[in-house]
Structure formats: C-alpha cells, structure tokens
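For reference, the structure is listed below as structure tokens.
The values are calculated or read from the model by the stated rules, or taken from the named source; none is laboratory data. This one's a predicted model, so the numbers in the text were calculated from it and none came from an experiment. Cβ placement follows ideal geometry from the backbone for every residue including glycine, while neighbour counts extend to all protein chains displayed.
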Amino acid sequence: MPKVQPRILKGTRDFLPRTMILRQHVIDTLRRTFEQFGFEPLETPALEYAETFEGKSDAEVDKLLYRFVDHGGRRVALRYELNVALARVAAMYANELAFPFKRYQMGPVWRADKPQKGRYREFWQCDVDIVGSASMLADAEVLSVLYTALQRLGFPEFTIRLNNRKILSGLGILAGVPAEQTGGLYRAIDKLERDGEDAVRRLLLEEGLSEKVAGRLLETVQMPGGGPEVLAELRRSFAEIPIGLEGVAEMEELLRHLEALGVPATHYRLDLSMVRGLGYYTGPIFETVVERPRIGAISGGGRYDRMVGLFGPDMPATGVSLGLERILDVMTELGMVDLPSTVVQALVTVFDAQHVAASLALAQELRRAGVHTEVYLEPSAPLGRQFKYADRKGIPFVLVIGPDEVAAGVVTLKDMRSGEQRSLPRDKVSEAIQGNRRVPEDRG
RNA sequence: GUGCCCGUAGUUCAAUUGGCGGAGCGUCUGACUGUGGAUCAGAAGGUUGAGGGUUCGAGCCCCUCCGGGCACCCCA
C-alpha cells in the first residue's frame with residue numbers, strides 16, 4: 001500500500017500542544033470575562049442548511065460560503081460566522097429564552113477565501129451578543145466586555161473605532177448619492193485610513209460625486225475634535241435628515257454609557273470613515289485595531305436589528321466578534337505571553353522493571369495532591385533518555401526513585417531549569433513542586 | 001475572482017555564466033558514570049515539488065501541472 005502523503009488543506013492548521021496551551025489560555029480568559037458580564041454559553045452546529053446562511057449579507061459573502069450537497073441531496077453549508085446562527089436560535093427558541101438574550105459563542109467558522117497574512121479558511125470567532133434590546137445600553141455593554149477582555153489579555157494598546165450606519169446613511173443623503181449607490185461610497189471612505197485622502201477622492205469622483213461634494217464629504221469624515229464636538233457639528237449638517245440625526249443621537253448616548261462604564265476614552269474613538277463590510281449592520285458599528293503589528297481588525301461588530309426578523313419575529317440585536325487567530329498572532333508577535341510549554345509539572349522516571357510499582361505509587365500520590373504528573377512509559381529506557389524527554393517537553397521537575405532512594409526512604413527531585421537536585425521525603429515532594437509552580441498571570 | 005513572488009536534506013538556507021548538490025540547526029550513535037540542556041568525535045538523511053522541452057551537459061533557461069506565500073477584493 002502506498003503511504004498517504006501527510007498534508008492538510010490550505011488555510012487550515014494543526015495546533016500542536018505548545019500552541020494549544022496559548023490558545024486555551026486566551027479562550028479561558030475570554031470565557032471568564034464574558035461570564036463575568038452575565039453572558040451565557042451557546043453552541044450551534046458547524047454544518048447547517050445552506051439557506052440559513054445564504055442571502056444574509058451581500059453577494060460577496062455567499063461566494064465565500066463553503067457549500068455542498070450531502071448524501072441525502074440536502075444543500076448544506078459550513079457556518080460563515082456565528083451571528084446568523086444566533087439569529088436562527090433566537091427565532092427558533094423565542095419561547096424558552098429570556099430576553100434580552102445574552103450569549104457568548106466561541107468556535108471555528110469557515111470561509112472559502114484565499115488565505116494570506118492574518119486570514120485563514122478555518123478560524124475561530126469569539127462572539128458576545130445581545131438579542132432583544134434596542135437600547136444603546138446593550139451596545140455599550142458589549143463594548144465594555146470587549147475592552148475588559150483585551151485589557152485582561154494584556155494588550156498594551158488598541159483602539160476601538162466607533163461609527164454608526166445611520167450617520168453614514170445621513171452622509172450619503174448629504175452627498176446626494178442615491179440609496180442603491182451608497183455601497184461604493186462607503187467602500188471608498190473606508191479606505192481613508194489605509195490609502196489616504198487623495199486615493200479616496202479619486203474613488204469618490206469615480207462614484208460620480210462632484211469635486212465639491214467629494215471635498216465636503218472628506219472634510220466631514222475627517223472633522224477634527226473629540227466625539228462630542230464632531231457630533232454637534234454633524235447634528236447641524238443633518239438638520240433635515242432624520243436618519244442622520246437618529247445616528248447622532250445613538251452615538252451620543254453610546255458615548256455617555258461608555259463613560260459611565262469607565263471605559264477609558266483613550267481606547268475608543270469616533271471614526272466617521274470606518275464602515276465595516278458586512279451588509280447587515282443597521283446602527284452602531286465597531287472594530288478594534290492595533291498599531292502593530294500591521295494586521296486587519298482584531299474584532300468587529302455592531303448592531304444588526306433586522307437579522308432575527310429573517311427567521312421569525314423582528315428582534316433587535318448587537319454584538320462583537322473577536323478574531324482568535326489575529327489576537328494570537330498579535331500576542332505572539334509582540335511577545336505578550338510567557339506560558340509553560342507543557343501542561344506537565346513533573347515526570348516520574350522508571351528506574352528499572354523492579355521499581356515500576358514504586359514509580360507508579362509516587363505518581364498517583366502527586367496526582368492526588370494536584371500535581372500534573374507523568375510517568376515515563378518505557379521502563380527499559382536509560383535514565384538519560386527519560387531526562388532528555390523531560391527536557392524536550394519542557395517539564396520543570398523530574399523525580400527519580402531507584403534502589404538508593406528506596407533504601408533511604410526518600411525520592412530525588414531535580415529542578416530542570418536550575419539543574420539543582422535534592423532528595424526529600426515523599427510527602428514533601430508535591431509541596432516542593434507546587435511552591436515553584438508557574439501560574440499564568442491573570443491580569444485585571 | 002484579479003495580480004505578483006517562491007518551491008533544494010526533518011528544518012532554515014547555500015551552490016559563480018548552465019559544468020561532480022553543500023552548510024547551520026535538528027535527529028541518531030559514542031566520549032559519559034543512576035541525569036537532560038553545554039562541549040567534542042562520528043553517522044544517517046536527496047529522483048533538487050511532478051511531468052515535458054532546449055542543451056554535449058539543467059537545481060539554474062522555456063512550457064504545463066501541483067503545492068506554498070503575499071497584495072488587491074472582501075474580511076476576524
């Protein structure tokens with residue numbers, strides 16, 4: 001039989017233990033933060049009817065759906081993101097859920113995209129969302145969770161960019177762009193951050209705007225000053241544009257709540273040029289960016305009041321999604337983490353066949369005492385190989401129990417980092433190990 | 001979907017104009033004893049991604065395919 005070439009699909013990855021320890025650390029931190037704010041866990045299938053995901057955003061999104069026909073001829077799809085499934089759940093279980101429904105969900109999603117830096121075909125999203133509250137309180141809470149989580153993960157700097165689709169609609173009306181053409185307008189001003197004013201001006205002119213209107217729009221979007229001043233100015237411009245005024249009022253309220261929640265103003269910013277791609281957002285929109293490394297947004301989200309209505313009764317909804325791999329990419333690149341490379345704290349060596357029982361008994365004692373303990377599983381292996389195994393894995397402590405130790409009623413404990421070695425009574429071993437245990441720092 | 005770049009040992013990379021495929025790291029063995037990580041000695045490891053073409057001669061030039069990366073679009 002020819003051997004199968006070991007390989008995996010482009011855009012997917014294996015996570016070896018060393019990497020999983022870091023991933024789980026982040027996932028655990030997020031879960032604790034989400035639950036601290038009263039969000040509860042939800043799981044939904046990775047695979048659903050294709051129609052559940054189709055047509056929820058733009059044609060772009062549908063192109064990136066992994067779709068196929070199953071053995072029963074059903075059209076199915078791998079989930080593209082977690083929001084749509086939440087909307088389905090809210091409609092499907094409307095009678096048994098308590099609203100506002102606050103849930104978090106973390107898991108893999110799939111996109112038939114061409115992979116590049118910070119972009120994978122299979123990646124994890126960590127979502128917190130609230131269904132059933134139209135209040136800006138819900139949006140503010142979600143942002144507060146987001147802020148707390150990033151803070152707790154130890155991010156040295158990050159900015160949550162805020163905007164509102166209703167304000168963008170107002171700007172579209174102000175610019176005299178017909179409603180069906182606003183897509184191009186939004187896409188153009190979204191590039192302001194990256195491509196600069198001149199490039200965006202060119203795009204706007206291509207969209208059919210006049211020099212004058214394009215200029216005024218660029219001026220508005222880049223208005224200097226803090227949130228309140230900019231909003232006051234917008235309020236004047238939108239005097240006769242109700243949707244714009246609504247957006248301004250929402251933003252003003254949101255900023256008030258954020259302040260009351262104690263989210264420092266250094267970590268968020270009103271940014272009228274921020275758009276967000278997904279077509280289903282209806283109100284406030286958010287995204288988190290870091291200065292370095294240069295990578296796309298590490299979180300994105302906003303209010304999507306019309307999605308649940310596609311499955312059942314109308315219900316407002318808002319939330320954010322954190323991109324696990326981008327967060328991990330940033331943390332790794334900035335060297336933000338110092339975690340052990342193994343979950344094992346101690347390796348009990350096996351001296352020879354006659355001492356197997358002694359090693360097993362010692363290991364069980366340590367496990368009962370709460371020490372993550374491993375026994376070397378090859379009794380004929382020389383001690384050197386067993387030590388080398390511990391070294392390669394990064395196990396911090398190695399125990400030896402051979403004829404000398406048995407005769408003296410002790411065990412030998414070696415600290416692999418310092419190289420120090422001492423013999424001590426069995427009942428003191430777990431204490432010695434746990435006194436030195438490295439615990440991942442829990443910030444905040 | 002569009003464009004650009006790259007495939008040589010397990011891995012990171014060399015190989016002059018087209019002229020006998022090498023090195024570091026890793027792996028294995030030993031010096032070495034009831035002990036890893038240091039040092040020293042030695043060994044294994046390759047159809048140069050695949051197929052075709054040009055040539056006296058191709059890792060290098062040309063074509064096709066496969067695989068990988070980056071940018072755009074879009075997005076976490």
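Out of all the residues in region A:51-72, is one or more touching a helix residue (DSSP H, G or I) at 6+ places or on another chain (Cβ under 6 Å), assigned to a strand (DSSP E or B) and without any contact (Cβ under 8 Å) to a residue 60 or more places away in the chain?
yes
With a cut-off of at least 1 residues that are among the hydrophobic types (A, V, I, L, M, F, W, C) and either within 10 Å of RNA strand B (Cβ to nearest atom) or exposed (fewer than 15 other Cβ atoms within 10 Å of the Cβ) (or both), name the strands (runs of 3 or more DSSP E) lying wholly within region A:279-355.
Output list reads A:284-289, A:317-323.
So, in region A:1-39, of the ones that are part of a loop (DSSP other than H, G, I, E, B) and among the hydrophobic types (A, V, I, L, M, F, W, C), which residue ends up farthest from RNA strand B (Cβ to nearest atom)?
A:F37
Going by what's in this entry, would A:Q125 be described as among the polar types (S, T, N, Q), within 14 Å of RNA strand B (Cβ to nearest atom) and buried (at least 18 other Cβ atoms within 10 Å of the Cβ)?
Yes, satisfied.
Which residues, taken from region A:151-194, are acidic (D, E), closer than 25 Å to A:M336 by Cβ and within 16 Å of RNA strand B (Cβ to nearest atom)?
Of everything in region A:151-194, just one residue is acidic (D, E), closer than 25 Å to A:M336 by Cβ and within 16 Å of RNA strand B (Cβ to nearest atom), namely A:E193.
Going through A:L362, A:L383, A:L424 one at a time, which residue ends up being within 14 Å of RNA strand B (Cβ to nearest atom), of a type in the set (A, V, I, L, M) and modelled with pLDDT of 95 or more?
The unique qualifying residue is A:L362.
Test A:L366 against the criterion of being in a loop (DSSP other than H, G, I, E, B) and under 42 Å from the mean Cα position of the chain (by Cα), and give yes or no.
Judged against the criteria, A:L366 is not a match.
Can you run down the residue pairs with Cβ atoms below 9 Å, 6 or more apart or on separate chains, where the first is in region A:270-286 and at positive phi and the partner is of a type in the set (F, W, Y)?
Taking only residues 6 or more apart or on different chains, the pairs are A:R276/A:Y186; A:R276/A:F286.
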